[in-house]
Amino acid sequence: MANRGPSYGLSREVQEKIEQKYDADLENKLVDWIILQCAEDIEHPPPGRTHFQKWLMDGTVLCKLINSLYPPGQEPIPKISESKMAFKQMEQISQFLKAAEIYGVRTTDIFQTVDLWEGKDMAAVQRTLMALGSVAVTKDDGCYRGEPSWFHRKAQQNRRGFSEEQLRQGQNVIGLQMGSNKGASQAGMTGYGMPRQIM
């Protein structure tokens, strides 16, 4: 981890806002899912943001996670290194992020390597893992292990086909968005420019 020292002023305020987005309950759910999904002897980390960061920081758990979402023999990261060298660990995090994007996680949901490595934005790491779980549940290809209720199922495309006759009939209907003139009449209206008659 980089030793940057304390931040002050606006930088400190921004960092505190980022840290407030971190969800401890979500951390527990994600840890349980990762351990269940990887189906290996992965040690459960102690609770807390810093322990969660240290647990994921070398990238091996993340690489095992993304590999477990593919059928055997089709893993996107064939060699997972357990190196203690910083650049190797950061490289593994980058490999996980690329594999997650290929798997279907949107680019906007993916954290930056330094968010995890330096612990700058662990909430972004949680969002990426949540998005990965949602994509896995949505794919429903048999590789997801865990409760389907842990993640939201993403919306699927639902195309509708209309015949030419149905499309032609739709052109003759005035949609309710345009308003309705039912019940409208000019009964009791006076001509323009005449003063109002008060009795």
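The values are calculated or read from the model by the stated rules, or taken from the named source; none is laboratory data. If you're wondering where the values come from, they're calculated on a predicted model, not measured in any experiment. Note that each Cβ is placed from the backbone with ideal geometry, even for glycine, and that neighbours are counted across all protein chains shown. Ligands, DNA and RNA are excluded from the accessible area calculation, which covers all protein heavy atoms including side chains. Shrake-Rupley method; radii C 1.70, N 1.55, O 1.52, S 1.80 Å.
Okay, here's what the table says:
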read-out	value
Förster-model FRET efficiency, 30 Å R0, D140 and T113, C-beta, rounded to 0.05	0.50
Probe 1.4 Å - accessible area at M57, Å² to nearest ten	40 Å²
For the stretch 9-148: rounded, prolate or oblate by the Cα gyration tensor [a/c cutoff 1.5]	prolate
Links that overshoot a 20 Å alpha carbon limit, given the list K79/K120; K88/K139; K64/K84; K54/K84	K79/K120; K88/K139
FRET efficiency estimate (nearest 0.05) - Cβ-Cβ, R106 to E40, R0 30 angstrom	0.60
Carbon/sulfur fraction of accessible area - the stretch 9-148, other protein chains in place, 1.4 Å, %	51 percent
Environment charge of Q95, counting only residues whose C-beta is closer than 13 Å and scoring Lys/Arg +1, Asp/Glu -1	0
Overall form of the stretch 80-130 per C-alpha gyration tensor (a/c, 1.5; a/b vs b/c)	oblate
Highest-first arrangement of 111-119, 76-84, 62-70, where packing means the average Cβ count within 10 Å	62-70, 111-119, 76-84
Per residue, in Å², the accessible surface of the stretch 9-148 once ligands and nucleic acids are set aside, probe 1.4 Å	53 Å²
Accessible-area value, V173, 1.4 Å probe, nucleic acids and ligands omitted, Å²	100 Å²
